[in-house]
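Notes follow once the structure below has been shown.
Taken together, the values in this text are just the output of simple stated rules run on the coordinates, not laboratory data. These numbers were taken from a predicted model, which means no experiment stands behind them. Cβ placement follows ideal geometry from the backbone for every residue including glycine, while neighbour counts extend to all protein chains displayed.
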Amino acid sequence: MHNLISKAMETHSLERNELVYLLKESSFDSDLFYAADLIRQQFVGNNIHLRALIEFSNICQNNCCYCGLRRDNKNITRYRLDEDTIFQLAEYAVKKLGLKTIVLQSGEDLWFTRERMCSLIKRIKTLDTALTLSIGEKSYDDYLAYKKAGCDRFLLRIETTDKALYEKYDPQMSWDRRKQCLLDIKSVGIETGTGCLVGLPEQTLESLADDILFFKKIGADMVGIGPLIPHPDTPLAQAKGGTFTLACKVMALTRMLLPDINIPATTAMETLEPNGQVKALQAGANVIMPNVTLNSVRQHYELYPGKSNTNLASDDAFFLLKEKIKSIGRTISQDYGSHKKND
Ligand code: SAH
Ligand code: SF4
């Protein structure tokens, strides 16, 4: 095993140039994945946490250049689920599928005011479940209100720590504001999830190394990493996009440096690589987010092409997912799967 991988296993820290070296070099990839798998087992065990994903609105005020939900994409049928429907999906996930976390995700849809979100949060928290939001940039007071209403966790990827790159591909958005949102989420006491895209045009390995160091610096509780998959109805339609292997390497190194956090095997990984999620689970990941969104609208939540075909949580698909998890010697967690810090 390369001495840098051994160092990461023992100290959970690497310098920027050391991260870049491991990201660049391909001859140690299988050792790196193996080491990340060992660290995962040592720090968070064999349990896999299943989180029910509900994509409740694809309406978005933003115009991120990579995303199919961007405001300027006219080639999409917009939808917004009402509170009753969202609650029923959550109820199905908790009571029928036995899931212990509900994740509510959407574009930045202004219809969901603070009051409406808090009403939804309170209602879902009457179920026996943890609740995660992934609804974009909000004010400090919004995050505080979500916390008081019962929100446990929030996912907001920084996307890239390269400020110039971020502001190029997320027009009219500010990197400093996005970072401030993460700090606000943390300071109101909500578990904080972030992450990045791998494969933005002009993104360098140095910048991916910075992303990993950023996750550590802000003390992320969860980190989601996905390869960029070019969407035909966006300005990045012709981009090369990310590879499964590089995204997996960024994920494995994140596990080595933040050994006790929660890391999902992302849907984008499964979309790019056959059995991609299982491979990710064996390279550092410990979370899967089965999609329980209504079949009738799921196809319209197309962040990237091919996404809607993966991770279906019909009863049959859900059974198969559980079998797959057992077949690699892992167990399905029976608790809420909060971040347990290993100080
Ligand atoms: N609107 C919220 C949540 C929904 S988008 C937000 O932006 O935070 C959730 C994630 O989808 C984004 O953080 C982004 O990293 C990812 N995503 C968007 N377009 C993508 C693409 N073309 N390929 C891969 N991931 C993409
Ligand atoms: Fe909207 Fe999120 Fe897509 Fe950006 S990534 S366009 S904020 S849904």
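Binning the C-alpha pair distances of region 253-327 at 10 Å intervals from 0 yields a P(r) profile of 18, 48, 28, 6, 0 %, listed from the shortest bin outward.
What FRET efficiency do you get for D176 and N275 if R0 is 45 Å and r is their Cβ-Cβ distance, rounded to the nearest 0.05? Numbers along the way, then the final one.
Details: r = 39 Å, r/R0 = 0.87.
That gives a FRET efficiency of 0.70.
Converting the Cα gyration tensor eigenvalues of region 1-146 into ellipsoid dimensions via √(5λ) gives semi-axes, longest first, of 38, 22, 15 Å. Working from Cα pairs under 8 Å separated by at least six residues, relative contact order for the chain is 24 percent.
Report the gain in length on full extension from S13 to H300: 0.36 nm times residue separation, minus Cα-Cα distance, nm rounded to one decimal.
Working: separation 287, 0.36 × 287 = 103.32 nm, distance 4.10 nm.
Here the segment from S13 to H300 would lengthen by 99.2 nm.
Take the Cα radius of gyration of region 81-224 and divide it by 2.2 N^0.38 Å, with N its residue count; two decimals is plenty.
Values: Rg = 16.1 Å, N = 144, 2.2 N^0.38 = 14.5 Å.
Cα-based Rg divided by the globular estimate yields 1.11.
Normalized C-alpha radius of gyration of region 226-273, against 2.2 N^0.38 Å?
Values: Rg = 12.6 Å, N = 48, 2.2 N^0.38 = 9.6 Å.
Compared with the compact-globule rule of thumb, region 226-273 sits at 1.31.
Fully extending the segment from T77 to T243 would add 56.9 nm, taking 0.36 nm per residue of separation and subtracting the current Cα-Cα distance. Residue ranges 6-16, 58-68 sort as 58-68, 6-16 when ordered by packing (mean number of other C-beta atoms within 10 Å per residue, highest first). The lysine pair count for region 87-185, using Cα distances under 14 Å and pairs eight or more places apart or on different chains, is 9. Per residue, the convex hull spanned by the Cα atoms of the chain measures out at 122 cubic angstrom. For region 219-300, the alpha-carbon radius of gyration amounts to 1.18 times the rule-of-thumb value 2.2 N^0.38 Å expected for a compact globular protein. What is the diffusion coefficient of region 194-254 in µm²/s, taking the Kirkwood radius over Cα pairs and the Stokes-Einstein relation at 4 °C with a viscosity of 1.567 mPa s? The Stokes-Einstein estimate is 108 µm²/s. Between D315 and D335, residue separation times 0.36 nm minus the direct Cα-Cα distance comes to 5.1 nm.
Sorting 112-120, 87-95 by their mean Cβ neighbour count within 10 Å, with the most densely packed peptide first, gives 87-95, 112-120. Qualifying GluC sites (Glu not before Pro) in region 160-241, where qualification requires a DSSP coil assignment and no more than 13 other C-beta atoms within 10 Å, comprise E202. Can you classify region 24-108 as rounded, prolate or oblate using the Cα gyration tensor, where a ≥ b ≥ c are the square roots of its eigenvalues, rounded means a/c under 1.5, and otherwise it's prolate if a/b beats b/c and oblate if not? Oblate, because a/c is 1.5 or more while a/b does not exceed b/c. Close Lys pairs in region 183-330, defined as Cα atoms under 22 Å apart and 8 or more places apart or on different chains, number 14. The eigenvalues of the Cα gyration tensor, multiplied by 5 and square-rooted, give region 163-322 an equivalent ellipsoid with semi-axes of 24, 20, 17 Å from largest to smallest. Calculate the length of the line joining the C-alpha centroid of region 52-116 to that of region 124-175, in whole Å. Rounded to whole Å, the Cα centres lie 13 Å apart.
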